[in-house]
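Sharing a structure below in structure tokens format, with a few things to ask.
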Amino acid sequence: MGTILEVKNLGKHFGGLAAISQLDMGVYEGEILGLIGPNGAGKTTLFNVISGFFPPSVGRVTLRGRDVTGMHAHEIARLGISRTFQASTLFMKSSVLENVFTGFHLSYTTRRWKRLFRSPSARDEEARFRKEALNILEFMGLASLSGELAANLPHGHQRVLGISMALATHPKLLLLDEPMTGMNPVETENMIGLVRQIRDRGITVVLVEHDMKAVMNLCDRIAVLNYGQKIAEGLPREIRENPEVVEAYLGKHGTK
């Protein structure tokens, strides 16, 4: 199994605070990797560095062997890394379909002036993206809500819509930051199924999540961060039985 993403000796400092320190980690093609740890362990900071929202203080990030360290977020997105956020980033006053349609903004090939003047080629490309947006909504189970305002969706559907927008960037690697937060058990099971289907479409997934039951049931491997450093990595059963992990995290949250 090849490696799609690798971080080497990665560090991110904010003043005198090391949010990430000397981190080495690889993500395999086609897997679902869980990233867990206590609040403040550096999980979201790691996502921010990988996706180009923060430059690293030290170390390297490579995507399929290509050094992407320090690239801007839009450059990294074009190379195939997409992410969601803990907080909603939806356009609440726009429809579900329009939200997903905006995700194609990096994919346009027609020149901007042609889009401005609605040339035939620009209209054709827009129609193609709208059709693809509908296909994504069908896949994610939101097609019947395509005309609904994002603000009117229940919380679980809003989380699904956020992932739908990320899929519109055609990712090879999808970073999901707490996609199940605030969900009830039915919504959580639905999200687990969707993440598996996304992986089955050939998209590698890295998942930050505090719902340990979901993590243990969903992920192929799990990496554990604590105080910005990786303290364990392995199969779910290995992580569940690791004394250092239990002391740092699992013992406080449980796995049942």
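The values are calculated or read from the model by the stated rules, or taken from the named source; none is laboratory data. What you are looking at is a predicted structure, and each value in this text was computed from that prediction instead of being measured. Heads up, the Cβs are rebuilt from the backbone with ideal geometry, glycines too, and the neighbour counts pull from every protein chain shown.
Any chance you could count how many residues in region 26-42 are buried (at least 19 other Cβ atoms within 10 Å of the Cβ) and not in a loop (DSSP other than H, G, I, E, B)?
Going through region 26-42 one residue at a time, the tally reaches 6.
Mind checking which residues of region 141-156 are at pLDDT 95 or above, assigned to a helix (DSSP H, G or I) and either surrounded by fewer than 21 Cβ atoms within 10 Å (Cβ to Cβ) or of a type in the set (Asp, Glu) (or both)?
The answer is Ala143, Ser144, Leu145, Ala151, Asn152.
Being at pLDDT 85 or above and surrounded by fewer than 14 Cβ atoms within 10 Å (Cβ to Cβ) is the filter here, so list the residues in region 73-90 that pass it.
His74, Glu75
Another question about this same structure. If Ser107 satisfies every condition in (1) among the polar types (S, T, N, Q); (2) at pLDDT 95 or above; (3) closer than 15 Å to Ser82 by Cβ but one, which is the exception?
Ser107 satisfies all of (1) among the polar types (S, T, N, Q); (2) at pLDDT 95 or above; (3) closer than 15 Å to Ser82 by Cβ except (2).
Do you know which residues across region 12-25 are out of contact with any helix residue (DSSP H, G or I) (no Cβ under 9 Å at 6 or more places or on another chain) and either outside any loop (DSSP other than H, G, I, E, B) or under 17 Å from Leu173 (Cβ atoms) (or both)?
Selection gives His13, Leu17, Ala18, Ser21, Gln22, Asp24.
Identify the residue in region 177-208 that is within 11 Å of the chain's Cα centre (by Cα) and in a loop (DSSP other than H, G, I, E, B) and, among all such residues, is modelled with the highest pLDDT.
The qualifying residue modelled with the highest pLDDT is Ile203.
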